[in-house]
Amino acid sequence: MEEAAGSIPASSTIDSFAAREGVGHFLGGLVAAEGCFSRSVVGLRRDGSERGRYVFVMEMASVDTGLVELLHLALGVGSIHSVKARNPRWQSSVRFTVSSRRAHRDATVPFMQHFLPEGAKRQAFERWYRTLRDEELEHPSRWGCGASPCSMDECSDPVRGQGLCRRHYYELTGW
C-alpha cells in the first residue's frame with residue numbers, strides 16, 4: 001500500500017512526546033466523534049455495592065481500520081476486533097476496546113485528559129473517569145496482594161470460598 005507523502009504510517013513507532021502531539025490531537029478529535037465511555041454493572045460486592053466494568057470503545061467502518069490501529073498504537077493497550085455487518089446493506093466494522101482498569105489508569109485516562117477536546121464527549125469522559133476513580137478509592141484492587149483473608153474475626157487464613165477460609169467454610173457448609 002502506498003502512503004501519501006508526509007503522512008504518518010500507523011506501522012511507525014511514535015517515540016517522542018513532541019512527535020505524538022499532532023497525532024494525539026487528531027486522535028483526540030476522532031475519539032470525540034466516534035469514541036464511547038461506558039460503565040456496566042457486573043455484579044454486587046459482599047457489602048451490596050455494585051461492581052462496575054469500565055470500557056472505552058471506538059468502532060468505525062472497516063475502511064477506516066488504519067485510524068483505529070493508529071489509536072491502538074498510540075495508547076499501547078486494548079484490542080481490535082472485526083465486526084461483521086448485522087445487515088447485508090451495512091458495512092462491516094472494526095472495534096477497538098479497552099476494558100482493563102490498569103490500562104485505563106496507565107494509558108486511556110492520561111491520553112484523554114491531554115488530548116480529548118472540550119465538548120460533550122469530554123464531559124462524558126470526565127463523568128466516567130470520576131465514577132471509575134471513586135469506585136477504585138472506595139474499593140481498591142487487591143490484584144497482586146495475595147489471597148484475601150477470611151472474613152471471620154481473628155482469622156487471617158486465606159479465603160477458599162464464600163469469603164471464608166477452609167476451616168470456617170467446612171464448619172458453615174458441613175462439607
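The values are calculated or read from the model by the stated rules, or taken from the named source; none is laboratory data. Note that this is a predicted model, so its numbers are computed, not measured. We place every Cβ from the backbone using ideal geometry, glycine too, and count neighbours over all the protein chains shown.
Among the residues of region 130-152, write down those that are in contact (Cβ under 8 Å) with a residue 40 or more places away in the chain and crowded, with 16+ Cβ neighbours inside 10 Å.
Result: 132, 135.
Out of all the residues in region 34-49, is one or more assigned to a helix (DSSP H, G or I) and modelled with pLDDT of 95 or more?
There is at least one residue in region 34-49 that is assigned to a helix (DSSP H, G or I) and modelled with pLDDT of 95 or more.
Would you confirm whether any residue within region 148-160 is in contact with a Pro (Cβ under 6 Å, 6 or more places away or on another chain) and outside the structural domain of residue 55 (by TED's automatic domain parsing)?
Yes, the conditions are met somewhere in region 148-160.
Among the numbered conditions (1) surrounded by fewer than 16 Cβ atoms within 10 Å (Cβ to Cβ); (2) within 16 Å of residue 46 (Cα to Cα); (3) under 15 Å from the mean Cα position of the chain (by Cα), tell me where residue 161 comes up short.
Unmet condition: (3).
Find all pairs meeting these conditions: Cβ atoms under 8 angstrom apart; at least six residues apart or on different chains; first residue within region 9-37 and closer than 23 Å to residue 61 by Cβ and assigned by TED's automatic domain parsing to the domain that holds residue 71; second residue surrounded by 11 or more Cβ atoms within 10 Å (Cβ to Cβ) and modelled with pLDDT under 50.
Cβ pairs passing all conditions: 23/8; 23/14.
When region 103-119 is examined, which residues are found to be touching a residue at least 40 places away in the same chain (Cβ under 8 Å), in a helix (DSSP H, G or I) and surrounded by fewer than 17 Cβ atoms within 10 Å (Cβ to Cβ)?
114
Suppose we filter 122, 86, 95 for residues that are basic (Lys, Arg), in contact (Cβ under 8 Å) with a residue 12 or more places away in the chain, on the phi < 0 side of the Ramachandran plot and outside any helix (DSSP H, G or I); which single one remains?
95
When only residues in region 38-62 that are in contact (Cβ under 8 Å) with a residue 40 or more places away in the chain and of a type in the set (Val, Ile, Thr) count, which is surrounded by the fewest Cβ atoms within 10 Å (Cβ to Cβ)?
Filtering first and then ranking leaves 57.
Could we say that residue 77 is surrounded by fewer than 14 Cβ atoms within 10 Å (Cβ to Cβ), in contact with an Asp or Glu (Cβ under 8 Å, 6 or more places away or on another chain) and not in a helix (DSSP H, G or I) here?
Considered against the rule, which asks whether it is surrounded by fewer than 14 Cβ atoms within 10 Å (Cβ to Cβ), in contact with an Asp or Glu (Cβ under 8 Å, 6 or more places away or on another chain) and not in a helix (DSSP H, G or I), residue 77 comes out as no.
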